[in-house]
Amino acid sequence: IKTLRDINKKIDEQVSEMITVAKLNEEIFSKIRTLCTSMIEIETWQQLNETLATHFLTSFKADYILCNIEESSSTQSLDHIKFEEIRIGESFKTGAEPLCLQLREEEMHDLFGSIHKKGQGTESVLIIPFGSRNRRGFLSVGSRDPLRFNNNMETMFATFISNILGRVVHKLCK
């Protein structure tokens, strides 16, 4: 009977853990759905800038957000969108999948520029590549917490954001 109780207790713990993960995923999905619904309605670069800042800095509680669009013809000056190549190692630019990385303070400052606050030590970042036709870019979401974005994280939601963002950028570049 003790063995059965131990097995039952272990199963209860596993079910409880699965329920916790499901609730967390539902919360993330709800935030992603709200973000994507907002992105569908975007008509200007300023709206995209505000949408990214509002959702990532407020809803997702990121510390930094920057969208690099490899489009040199724009002269717009926006807080969270830069029309320049991303400043990160070439090896990170080749993949089509989102990446979770830990970066040193200097690397974070190179990536985020003046919006990055120095003195944090090691931090973490989620880099989401996106593209549509001949437009390419990267959405970088940074955290002061070095463990927030780690290479064990599932990036399915980030891939979904990549698909929507690529379409929005393509529409705005027309």
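Find the accessible area per residue for region 108-174; the probe is 1.4 Å, ligands and nucleic acids are left out, and the unit is Å².
51 Å²
By the rule of a C-alpha distance below 27 Å, with chain neighbours fewer than 8 residues away ignored, the lysines paired with Lys9 are Lys23.
Dipole magnitude for region 9-161: about 140 debye, using +1 per Lys or Arg Cβ and -1 per Asp or Glu Cβ, origin at the Cα centre. Between Glu70 and Ser30, the C-beta separation translates, for a Förster distance of 25 Å, into a calculated FRET efficiency of about 0.20.
Fully extending the segment from Leu57 to Gln102 would add 14.3 nm, taking 0.36 nm per residue of separation and subtracting the current Cα-Cα distance. Three principal axis extents of region 60-117 based on alpha-carbon atoms, in descending order, are 31, 27, 23 Å.
Positive-end ranking of Ala22, Thr159, Ile40 along the dipole of the chain, with charges on Cβ about the Cα centre, is headed by Ala22.
At full extension, Glu41 and Lys118 could sit 24.2 nm farther apart than now, given 0.36 nm per residue minus the alpha carbon distance. For region 11-53, the extents of the C-alpha atoms along the principal axes are 51, 15, 7 Å, listed from largest to smallest. For the chain, carbon and sulfur atoms together expose 52% of the accessible surface, with a 1.4 angstrom probe and every protein chain in place. When the trypsin sites (Lys or Arg not before Pro) in region 125-167 are filtered for DSSP coil states and for at most 15 other beta-carbon atoms within 10 Å of their beta-carbon, the remaining sites are Arg133. Sorting Thr122, Thr155, Thr3 by accessible area puts them as Thr3, Thr122, Thr155; the probe is 1.4 Å, largest comes first, and only protein heavy atoms count.
Lys174 to Asn8: extension gain in nm, 0.36 nm per residue of separation minus the Cα-Cα distance?
Stretched fully, the Lys174-Asn8 segment lengthens by 53.8 nm.
Fraction of C-alpha pairs exceeding 12 angstrom in region 82-141: 68 percent, rounded to a whole number.
Share of Cα-Cα pairs in region 5-108 beyond 17 Å, in percent? Result: 69 percent of Cα pairs exceed 17 Å. Computing semi-axes √(5λ) of the Cα gyration tensor in Å for the structure here picks out one of (i) 42, 18, 13; (ii) 66, 15, 11; (iii) 34, 19, 14, namely (iii).
The values are calculated or read from the model by the stated rules, or taken from the named source; none is laboratory data. Since we're looking at a predicted model, the values are computed, not measured. Backbone-built Cβ (ideal geometry, glycine too); neighbour counts: all protein chains shown. Accessible surface is based on the protein model in full, side chains and every heavy atom, while ligands, DNA and RNA are left aside. Shrake-Rupley method; radii C 1.70, N 1.55, O 1.52, S 1.80 Å.
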